[in-house]
Amino acid sequence: MPDSIRVADIAQYEGQEVTVKGWVYNRTHKGKLVFLLVRDGSGFVQCVAFKDDIEESMFDQLIRLPQESSVVITGSVRADKRAPGVPGGYEIGVKQVEILQEAGQEYPMSLKEHGVDFALDNRHLWIRMPSQWAILRIRATVMSAVREWLDTNGFIAMDTPILTPVAAEGTTTLFETEYFDEGKAYLAQTGQLYNEANIFAFGKVYCFGPTFRAEKSKTRRHLTEFWMVEPEIAFCDLDQLMEIEEQMITHIIQRVLKDRSAELKSLERDTEKLQKIKPPFPRISYDEAVKTLADIREKEMDREKKELLDFEWGMDFGAPHETELMAHYDQPLFIYGYPTEVKAFYMEPWPDRPEVSKSVDLLAPEGYGEICGGSERISDPDLLLKRIHEHDLPVEAFKWYLELRQFGSVTHSGFGMGVERVVAWICGIEHIREAIPFPRTIKRVYP
RNA sequence: UCCUCGCUAGCUCAAUUGGCAGAGCGAGCGGCUGUUAACCGCUAGGUUCUUGGUUCAAGUCCAAGGCGAGGAGCCA
């Protein structure tokens with residue numbers, strides 16, 4: 001028997017005496033009884049102390065014990081439908097409390113609502129709150145599910161460098177740093193090019209780590225530092241890529257539903273919408289999406305909204321377009337075959353339609369937008385060189401990348417999935433800054 | 001870079017046409033045997049983001065600046 005139990009496992013200990021080590025999340029007292037809501041990292045449990053059951057001096061201490069004090073509580077577990085908490089439904093009848101530290105009285109994160117700025121300034125404390133705790137536990141499960149699915153489906157984890165000499169898509173949106181006598185280095189915005197080298201050694205690979213974008217994007221869907229998993233597969237075309245994406249996403253959803261139902265419930269997430277997610281996901285071409293948008297726009301009576309939906313073939317979709325398109329789907333939606341011009345230089349052109357690329361975005365339902373972006377890569381060395389010239393990229397820096405196409409070039413594809421966007425969708429939260437422990441945005445590098 | 005909005009007690013917010021600076025939570029004290037962000041009573045708590053201007057009078061109107069949020073563009 002361990003010296004203490006985890007709150008998450010409390011149901012196993014009904015009727016037994018247990019010890020819990022944790023922190024006082026909330027305290028309320030009612031004359032001769034006091035309720036302590038205690039969190040231990042694995043969950044939240046209500047502890048009830050009656051004045052007659054414990055020493056009087058201890059009871060007097062408990063009724064004024066500040067929020068966040070660290071405690072070791074011993075008592076007996078009983079089922080009680082009234083007991084709040086995560087998972088909830090059980091409480092501890094307190095027999096003994098050891099106060100490790102009485103917290104200071106100036107704890108800033110009171111239980112009432114807080115503004116965005118204040119909450120973010122106190123992110124180091126905010127993560128203790130049930131909502132943030134639940135989101136970040138789900139994030140951990142999402143990341144675990146990603147690795148689990150890839151590892152059991154023949155993918156090899158192959159880490160790509162974070163310090164890189166050149167950008168895959170130009171250097172304007174990269175964080176720059178001095179690199180000894182070698183000139184500038186940049187924080188990676190993707191591991192894709194290195195992944196492409198890796199597939200010729202390992203077949204199916206993925207990298208999974210932080211990526212950095214110095215874009216001045218100030219929206220609820222953007223961070224300057226975010227986590228991305230990027231699978232890359234040899235002998236794989238665009239159709240096969242979409243199958244991989246939908247299988248992986250479905251596995252993630254299933255894992256979270258199975259292992260984090262208490263957290264989803266505490267976030268009041270409508271899990272029925274998640275339970276519905278099943279492959280195959282609907283697939284439409286960019287051309288079809290443009291046509292659908294035109295129809296929607298035609299029927300729209302509101303002039304302002306109509307203007308917002310203005311669109312011509314060749315443009316990339318904005319947020320209003322994505323929202324309108326997704327209004328008709330309760331599954332994630334693949335949109336494939338974007339115009340070559342709006343996409344990156346390395347994408348394979350559509351056979352007999354060079355103005356279209358073999359690219360695909362995956363849009364999440366409920367307005368969460370693009371969660372995956374991928375494509376079939378150019379396998380012809382001459383075409384790739386031509387594209388590098390057209391995009392004014394430094395050929396010398398891409399020498400090794402071009403060589404990949406000279407020694408056993410094959411059809412290959414890959415995609416990137418933004419972890420925080422997926423977590424935000426699964427949790428049903430407004431902003432992706434809550435989907436990472438310490439968010440980095442254009443206006444914030446503290447704490 | 002552009003557009004829109006905001007800044008008042010530790011926190012979340014109110015303050016009518018320009019006319020005495022307010023509430024809830026949090027903190028302190030007291031009460032209560034089933035609370036769920038408990039409740040009830042009392043107490044303390046203010047450079048209204050900054051600077052300048054208009055006015056008998058500015059939280060409120062004007063100008064400049066600062067900080068933040070949402071969105072556009074760009075993207076996962």
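As I understand it, the value is the acute angle between the Cα axis of helix A:381-390 and the longest principal axis of the Cα atoms of chain A; what does it come to in degrees, rounded to 10?
Approximately 80 degrees, to the nearest ten.
Enter the angle in degrees (range 0 to 90, nearest 10) between the Cα long axis of helix A:130-151 and the first principal axis of the Cα atoms of chain A, meaning the one along which they spread out most.
Helix A:130-151 sits roughly 50 degrees off the main axis of chain A.
I'd like the distance separating the alpha-carbon centroids of segment A:24-94 and segment A:256-284, in whole Å.
A separation of 33 Å, based on Cα centres.
Work out how much length A:Arg444 to A:Asp117 would gain on full extension: take 0.36 nm times their residue separation and subtract the Cα-Cα distance, in nm to one decimal.
116.7 nm
Translational diffusion coefficient, Stokes-Einstein: compute it for chain A using the Kirkwood radius over C-alpha pairs as Rh, at 10 °C and 1.306 mPa s, and state it as an integer in µm² s⁻¹.
On the way: Rh = 24.8 Å.
In µm²/s, the coefficient rounds to 64.
Once a ≥ b ≥ c are taken as the square roots of the eigenvalues of the Cα gyration tensor of segment A:145-223, is the result rounded (a/c under 1.5), prolate (a/b larger than b/c) or oblate (a/b not larger than b/c)?
oblate
Go through segment A:262-326 and name the trypsin sites (Lys or Arg not before Pro) that are in a DSSP coil and have 13 or fewer other Cβ atoms within 10 Å of their Cβ.
Details: sites: A:Lys265, A:Arg269, A:Lys273, A:Lys276, A:Arg283, A:Lys291, A:Arg297, A:Lys299, A:Arg303, A:Lys305, A:Lys306; in loops: A:Arg269, A:Lys276.
For trypsin sites (Lys or Arg not before Pro) across segment A:262-326 that sit outside H, G, I, E and B with at most 13 neighbouring Cβ atoms in 10 Å, the list reads A:Lys276.
Quick one: dipole size for segment A:7-101, taken about the Cα centre, charges +1 on Lys/Arg Cβ and -1 on Asp/Glu Cβ, in debye to the nearest 20.
Its charge dipole is roughly 340 debye.
With the cut-off at 1.5 for a/c, could you classify segment A:7-101 from its C-alpha gyration tensor as rounded, prolate or oblate?
Because a/c hits 1.5 or more and a/b exceeds b/c, segment A:7-101 counts as prolate.
Of the options A:Pro351, A:Trp425, A:Tyr401, report the single residue whose Cα projects farthest towards the positive end of the charge dipole of segment A:340-428 (beta-carbon charges: Lys, Arg +1; Asp, Glu -1).
A:Tyr401
Give, rounded to the nearest 20 debye, the magnitude of the charge dipole that segment A:222-349 has about its Cα centre when Lys and Arg contribute +1 at Cβ and Asp and Glu contribute -1 at Cβ.
So the magnitude is around 620 debye.
Please go through the residue pairs A:Lys216/A:Lys273; A:Lys265/A:Lys299; A:Lys112/A:Lys265 and name each one whose alpha carbons sit more than 29 Å apart in this structure.
A:Lys216/A:Lys273; A:Lys265/A:Lys299
Please grab the % of Cα pairs in segment A:336-447 that end up more than 25 Å from each other.
So the portion of pairs separated by more than 25 Å is 41 percent.
A:Tyr13 accessible area, nearest 10 Å², 1.4 Å probe?
Solvent-accessible area, nearest 10 Å²: 40 Å².
So what are the ³J(HN,Hα) numbers for segment A:202-208, from phi and the Karplus equation (6.51, -1.76, 1.60; θ = phi - 60°), rounded to whole Hz, Gly and Pro as x?
Per residue, the Karplus-derived 3J(HN,Hα) values read 10, x, 10, 9, 8, 10, 8 Hz.
Collect residues whose amide H, placed 1.01 Å from N in the peptide plane, falls under 5 Å from the amide H of A:Met347; neighbours closer than 5 in sequence don't count.
Counting only residues 5 or more places away or on other chains, the set is A:Ile378.
So, R0 is 60 Å and r is the distance between the beta-carbons of A:Val72 and A:Asp316; what FRET efficiency does that work out to, to 0.05?
It comes to 0.60.
Can you give me the C-alpha center-to-center distance between segment A:418-447 and segment A:135-207, rounded to a whole angstrom?
19 Å
Return the loop-located GluC sites (Glu not before Pro) in segment A:1-89 (DSSP other than H, G, I, E, B) with at most 14 other Cβ atoms within 10 Å of their own Cβ; answer none if there are none.
Details: sites: A:Glu14, A:Glu17, A:Glu55, A:Glu56, A:Glu68; in loops: A:Glu14, A:Glu55, A:Glu68.
Within segment A:1-89, the qualifying GluC sites (Glu not before Pro) (loop, at most 14 other Cβ atoms within 10 Å) are A:Glu14, A:Glu55.
I need the chymotrypsin sites (Phe, Trp or Tyr not before Pro) found in segment A:207-311, filtered to DSSP loop residues with at most 12 other beta carbons within 10 Å of theirs.
Numbers: sites: A:Phe208, A:Phe212, A:Phe226, A:Trp227, A:Phe235, A:Tyr286, A:Phe311; in loops: A:Phe235, A:Phe311.
For chymotrypsin sites (Phe, Trp or Tyr not before Pro) across segment A:207-311 that sit outside H, G, I, E and B with at most 12 neighbouring Cβ atoms in 10 Å, the list reads A:Phe235.
In whole percent, what relative contact order does chain A give with Cα contacts below 8 Å and a gap of six or more residues?
Values: 837 pairs, mean separation 60.4, N = 447.
It comes to 14 percent, rounded to a whole number.
Only four residue types carry charge here, +1 at the Cβ of Lys and Arg and -1 at the Cβ of Asp and Glu. Report the dipole size of chain A about the Cα centre in Debye, rounded to the nearest 20. Please list the in-between numbers first.
Details: 53 positive and 73 negative charges, 295 e Å.
In debye, rounded to 20, chain A gives about 1420.
Using the alpha carbons of segment A:359-414, what is the convex hull volume per residue in cubic angstrom, as a whole number?
Expressed per residue, the convex hull around the Cα atoms of segment A:359-414 is 99 Å³.
So if we plug the beta-carbon distance of A:Ile156 and A:Lys399 into 1/(1 + (r/R0)^6) with R0 = 25 Å, what FRET efficiency do we get, rounded to 0.05?
Given R0 = 25 Å and the Cβ-Cβ separation, E is 0.50.
In whole percent, what relative contact order does segment A:261-399 give with Cα contacts below 8 Å and a gap of six or more residues?
20 percent
When the Karplus curve 6.51 cos²θ - 1.76 cosθ + 1.60 is applied with θ = phi - 60°, which whole-Hz ³J(HN,Hα) does each residue of segment A:423-438 get, with x for Gly and Pro?
4, 4, 5, 4, 7, x, 9, 5, 10, 6, 5, 7, 9, 9, x, 10
Given the -39500 (n - 2.57) contribution per DSSP H run of 4+ residues, what per-residue ellipticity at 222 nm results for chain A, rounded to the nearest 500 deg cm²/dmol?
Only helices count here, giving -9000 deg cm²/dmol.
The values are calculated or read from the model by the stated rules, or taken from the named source; none is laboratory data. Predicted model only: the values in this text are computed from it and were never measured. Cβ: placed from backbone, ideal geometry, glycine included. Neighbour counts: every protein chain shown. The area values use the complete protein model at the heavy-atom level, side chains included, leaving out ligands, DNA and RNA. Shrake-Rupley method; radii C 1.70, N 1.55, O 1.52, S 1.80 Å.
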